Every structure is written in structure tokens, then in C-alpha cells.
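S.K.: Provided herewith is a single structure, encoded as C-alpha cells, for subsequent inquiry.
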Amino acid sequence: MNAAEFQQYVREYSKVKGFDTSTIEQRTLYLMTEVGELAKEVLNVSFSPDEEKRENLGFEMYDVVWNIFDLANKLGIDLEQAFTQKMAINEKRTWE
């Protein structure tokens, strides 16, 4: 699944589950909550790496990405286009 397909999936799933009624501010706060849960799972893996904890870490990463895509939908941002444009910018960029 590419970025455009995933963005469409998030759009449709949000409608089905009623998530499309959340505001931009609410979705941003949900995103921040998921980032916190991701940080907690990173700590869990760093102290005691096992397969279950790594799987949970992947699930939290998914939740973060899902919320970003839902936020992009609410803001009318085509993330595949944004990714392409940003990659082109980064090709010319230097980091020091």
C-alpha cells in the first residue's frame, strides 16, 4: 500500500467509525497522545527487548502514522505529493 492508498483508507475508515467528526485540534491532541504511547513502548523495548514488546512498538508507530494521515485529510494535504516535494528539497539540502 502506498501513501495515497493509505490516506484514502484512513479517510474511509474515519467515516465508517465516526472519527471524521473530530476537529483539527482534537486530532492533533490524539496524535500527541499516540506519540507519548510510542515513547513508552520505546522505553519498554530498550529495557527488555522481546518480540511482544517489539510488536507493540510497531502498533504504536502505526497509530502515530494513522493520526498524521487523518490530520492531513482534515487539512486537505495530499501527503504523497508532500513527500515527493520534500524529498526533492532534501536532495539539494546539506546538513552540518
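S.K.: Name the residue, out of Ala88, Ala72, Ala82, that is part of a helix (DSSP H, G or I), surrounded by fewer than 14 Cβ atoms within 10 Å (Cβ to Cβ) and within 17 Å of the chain's Cα centre (by Cα).
M.R.: Just a single option satisfies the conditions, and that option is Ala82.
S.K.: If Arg27 passes every condition in (1) in contact with a helix residue (DSSP H, G or I) (Cβ under 9 Å, 6 or more places away or on another chain); (2) free of Cβ contacts under 8 Å to residues at least 40 places away in the same chain; (3) part of a helix (DSSP H, G or I) but one, which one does it miss?
M.R.: Just one mismatch for Arg27, condition (2).
S.K.: Further question on the same structure: If Leu31 passes every condition in (1) surrounded by 15 or more Cβ atoms within 10 Å (Cβ to Cβ); (2) modelled with pLDDT under 95 but one, which one does it miss?
M.R.: (2)
S.K.: So, one more: Quick check on this structure: which one of Val64, Val42 is of a type in the set (Val, Ile, Thr), farther than 23 Å from Gln7 by Cα and assigned to a helix (DSSP H, G or I)?
M.R.: The match here is Val42.
The values are calculated or read from the model by the stated rules, or taken from the named source; none is laboratory data. Note that the coordinates shown come from a computational prediction; the quantities given were computed from them, not determined experimentally. Glycine gets a Cβ as well: all are built from the backbone with ideal geometry, and neighbour counts include every protein chain shown.
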